[in-house]
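These notes concern the structure reproduced below.
The values are calculated or read from the model by the stated rules, or taken from the named source; none is laboratory data. Please read these numbers as outputs of a predicted model, since none were measured by experiment. A quick note on method: Cβ atoms are made from the backbone with ideal geometry, for glycine too, and the neighbour counts reach across all protein chains shown.
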Amino acid sequence: MYSSFELKNVISSCCFFRVALVFNAFVVAAIVAKNAHAGHYWTQWVSEEHGGPPVSCSASNEASAGFACSGNYCDNIAILCNTLPFNLTLNPASVYWTPSFSEEDSGIASQSSEGWYRNDGDTYEVCHRSAHPGLVIGTRCKGSNCDNISLKCAQPILWRYGKQYPVRRVKNCGWTGWFSEERQGIVEFGSNRYITGVRCQGRYCDNKQFYVCSLTDPAPRVKW
């Protein structure tokens, strides 16, 4: 038989053990939940052969954070899909494919009076340029050596308490240097750096530039 003192120690040890188990289970569950939809992977290659089937990021909280190409004139292309920060997802109502573009340039450019990226030209496309910022989530091409490229675009949003908050502001945006299969063939832009547009140069759109931005958290600030 236990004395009252021993019994108290046994009960305390038992309770502590149960609390520890519950806490550990909670931590593990939180880690699993945090990484359940985390993605960092390359899509399959796409080219104009076999009908040029498109490639896209597979989850609704992923966008392109890198680009790869291989073959003559960057004939085969792929994108790197990364999970979005700040618990952002993509607005399904905003998804669209851009018109095809290539290196051919009429020399005619235009500007819009609205939108986050107001310039327009023949040799590039920027996602949702006349509205809130959009991200590249897929690509396809047609023509010899994947000459004419189209981008699949979507706008990032935050759902909170049943309300939708679009990402209205991006930061640290800029066009990268030129990229092709002759120069490494793979480029990754890093944490919270996403492709929002692509530009072509050279025969068969051999050389490419990327308009890359960082996302900001659209969550409303809590006033105390």
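List of remarks:
- Scan of region 149-170 for residues that are closer than 17 Å to SER130 by Cα, basic (Lys, Arg) and assigned to a strand (DSSP E or B), ordered by number: LYS152
- Among the residues of this structure, TYR165 counts as one that is at pLDDT 95 or above and either more than 19 Å from SER56 (Cα to Cα) or among the hydroxyl-bearing types (Ser, Thr, Tyr) (or both).
- Pairing each residue of region 157-172 that is of a type in the set (Lys, Arg) with any residue that is part of a strand (DSSP E or B), provided the two are 6+ apart or on different chains, yields C-beta distances under 6 Å for LYS171/SER214.
- Residue list for region 193-217, restricted to those being part of a loop (DSSP other than H, G, I, E, B) and modelled with pLDDT of 95 or more: ARG193, THR216, ASP217
- Filtered by the rule that a residue be of a type in the set (A, V, I, L, M) and more than 18 Å from CYS81 (Cβ to Cβ), region 130-156 gives a lone residue, ALA131.
- Identity of the residue in region 129-148, out of contact with any strand residue (DSSP E or B) (no Cβ under 8 Å at 6 or more places or on another chain) and assigned to a loop (DSSP other than H, G, I, E, B), that ends up farthest from ALA93 (Cα to Cα): GLY143
- Inter-residue pairs, beta-carbon under 7 Å, first in contact (Cβ under 8 Å) with a residue 24 or more places away in the chain and under 19 Å from SER58 (Cα atoms) and in region 139-156, second among the acidic types (Asp, Glu) and surrounded by fewer than 22 Cβ atoms within 10 Å (Cβ to Cβ), 6+ apart: CYS141/GLU48
- Within region 78-102, the set of residues being within 16 Å of the chain's Cα centre (by Cα), part of a strand (DSSP E or B) and closer than 14 Å to LYS152 by Cα comprises ALA78, ILE79, LEU80, CYS81, LEU90, TYR96, TRP97.
- Contacts under 7 angstrom Cβ, first residue in region 188-213 being within 17 Å of PRO99 (Cα to Cα), partner of a type in the set (S, T, N, Q) and in a helix (DSSP H, G or I), 6 or more apart: TYR204/SER144; TYR204/ASN145
- Residues in region 171-192 that are part of a loop (DSSP other than H, G, I, E, B) and either of a type outside the set (Ser, Thr, Tyr) or at pLDDT below 90 (or both): GLY177, TRP178, SER180, GLU181, GLU182, ARG183, GLN184, GLY185, PHE189, GLY190, ASN192.
- Residues that are farther than 21 Å from GLY134 by Cβ and of a type in the set (Gly, Ala, Ser) were ranked within region 47-92; the one that is modelled with the lowest pLDDT is GLY51.
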